[in-house]
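Colleague: Just dropping this structure here.
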Amino acid sequence: MSLLRALSVCLVVRPRRCPGRGLRPGTDLPFLQAEPLLLRSPQPWHSFHAGSWLSSSASSKELLMKLRRKTGYSFVNCKKALETCGGDLKQAESWLHKQAQKEGWSKAAKLHGRKTKEGLIGLLQEGNTSVLVEVNCETDFVSRNLRFQQLVQQVALGTMLHCQSLKDQLSTYSKGFLNSSELSELPAGPETEGFLKDQLALAIGKLGENMSLKRAAWVKVPAGFYVGSYVHGAMHSPSLHNLVLGKYGALVICEMSERRANLEDLGRRLGQHVVGMAPLSVGSLDDEPGGEAETKMLSQPYLLDPSITLGQYVEPQGVSVVDFVRFECGEGGEAAEAE
């Protein structure tokens, strides 16, 4: 008998000698069966899931969807968070943020050193206080992402709260700057835990690009002063109506003898000039008119009417320009990275 024939006979004959063991009803062929497992007490596959949230399929799905909408994290991560926290929504949200922050710090360390020349300028004004902030990323694509814009909003709010907490008696205007390290240590806000550096880590972990909190400037003015403002390519924040985002921003501090009706329009025109002509100082109305290379603001050709100087435009308006701040996204990138 050939070997192939012998094997086929064994497959048919052997099970008949042991009826009832390893056979499906109505067939002579054996089927796979791990007999030692039959000696163990049965364990349902999902017995490791903690909490009662899995007891109702409808309620678990509702919790899962609610957590995803609130945090924006993936289905898998939200499901893991609910399992870890026994279905407690608040604890699951906190757990997700902590995990994302750990991952963000890890990614931030890996991405450190990659150039961040794109990003956004944020302008926020409340009462007598105005702030400009700059947050950078690697690509313009990420700067258009809602999550990145929310980070710029958090930085602007954190800077505004810091400025408002300074209890100074103003007889004239005050101006201040914050560098990257100082910005990072500011509290994130009354409704957000941690510091701005923690929010930066979360954004890096979520968007996967290197980012930096570059700088901020703030201005506070008493009565008799006005702060004009302008953002080039302006778009409004989706959730904060008085926050404006763009690639260039300017604040222009004016002193006035009386309140004027067209101050907002005047302030916007002065801000446009600062953004477009990039002066280095204010100068004086007594300075001689200069050409396009002039760096004194009042002596420069007025951006919207080069036939006159800015000083000649301002003088009849009843205001005096005393100072300004100009931010251009990505300027001085090499120096900042070296620092």
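Colleague: Name the strands (runs of 3 or more DSSP E) wholly inside the range 223-338 in which the number of residues that are among the aromatic types (Phe, Trp, Tyr) is 2 or more. Can you show your working first?
Modeller: Working: elements: 225-232, 243-246, 248-256, 305-309, 319-328.
Counting at least 2 such residues, we get 225-232, 319-328.
Colleague: Additional query: When LYS206 is evaluated against the numbered criteria (1) part of a helix (DSSP H, G or I); (2) in contact with a Gly (Cβ under 8 Å, 6 or more places away or on another chain); (3) modelled with pLDDT of 95 or more; (4) open to solvent by 20 Å² or more (accessible area, probe 1.4 Å), which criterion, by number, is the only one it fails?
Modeller: (3)
Colleague: Continuing with the same structure: Restricting to the range 177-203, what's the tally of residues that are over 21 Å from SER165 (Cα atoms) and either free of Cβ contacts under 8 Å to residues at least 24 places away in the same chain or assigned to a strand (DSSP E or B) (or both)?
Modeller: Total satisfying the criteria: 0.
Colleague: Do we have any residue at all in the range 262-281 that's touching a residue at least 60 places away in the same chain (Cβ under 8 Å), acidic (Asp, Glu) and at negative phi?
Modeller: Going residue by residue through the range 262-281, those that are touching a residue at least 60 places away in the same chain (Cβ under 8 Å) are none.
No, every residue in the range 262-281 fails to be touching a residue at least 60 places away in the same chain (Cβ under 8 Å), acidic (Asp, Glu) and at negative phi.
Colleague: Only one residue in VAL227, VAL314, VAL274, VAL321 is in contact with a Cys (Cβ under 7 Å, 6 or more places away or on another chain) and buried (at least 20 other Cβ atoms within 10 Å of the Cβ), so which one is that?
Modeller: Values: VAL227 fails: in contact with a Cys (Cβ under 7 Å, 6 or more places away or on another chain); VAL314 fails: in contact with a Cys (Cβ under 7 Å, 6 or more places away or on another chain); VAL274 fails: in contact with a Cys (Cβ under 7 Å, 6 or more places away or on another chain).
Of VAL227, VAL314, VAL274, VAL321, the one residue that is in contact with a Cys (Cβ under 7 Å, 6 or more places away or on another chain) and buried (at least 20 other Cβ atoms within 10 Å of the Cβ) is VAL321.
Colleague: Give the residue that is farthest from LEU304 (Cα to Cα), with candidates limited to residues of the range 241-255 that are touching a residue at least 24 places away in the same chain (Cβ under 8 Å) and surrounded by fewer than 16 Cβ atoms within 10 Å (Cβ to Cβ).
Modeller: So the first thing to find is which residues in the range 241-255 are touching a residue at least 24 places away in the same chain (Cβ under 8 Å), and the list is 242-255.
From the residues that got through so far, the ones that are surrounded by fewer than 16 Cβ atoms within 10 Å (Cβ to Cβ) too are 242, 255.
Values: ASN242: 26, GLU255: 22 Å.
Ranking the candidates gives ASN242 first.
Colleague: Checking GLN154 against (1) farther than 24 Å from GLU93 by Cα; (2) polar (S, T, N, Q); (3) at pLDDT below 95, which test does it fail?
Modeller: Evaluating GLN154 over (1) farther than 24 Å from GLU93 by Cα; (2) polar (S, T, N, Q); (3) at pLDDT below 95 leaves (1) as the failure.
Colleague: Also: So which residues in the range 158-184 are modelled with pLDDT of 95 or more and of a type in the set (Asp, Glu), if there are any at all?
Modeller: GLU182
Colleague: If you don't mind, there's one more thing I want to ask. Return the pair list, or none, for Cβ contacts closer than 7 Å from residues in the range 128-148 that are over 27 Å from VAL219 (Cα atoms) to residues that are part of a strand (DSSP E or B), at least 6 apart or on different chains.
Modeller: Taking only residues 6 or more apart or on different chains, the pairs are GLU138/GLU118; THR139/GLU118; ASP140/GLU118.
Colleague: Name the residue, out of CYS85, CYS78, that is within 21 Å of ARG147 (Cα to Cα), of a type outside the set (Phe, Trp, Tyr) and modelled with pLDDT of 75 or more.
Modeller: Details: CYS85 fails: within 21 Å of ARG147 (Cα to Cα).
Exactly one residue qualifies, and that residue is CYS78.
The values are calculated or read from the model by the stated rules, or taken from the named source; none is laboratory data. No experiment lies behind these values; they were computed from the predicted model shown. Every residue, glycine among them, receives a Cβ derived from its backbone with ideal geometry; neighbour counts consider all protein chains shown. Remember, those area values only see protein heavy atoms, side chains included, never the ligands or the DNA or RNA. Shrake-Rupley method; radii C 1.70, N 1.55, O 1.52, S 1.80 Å.
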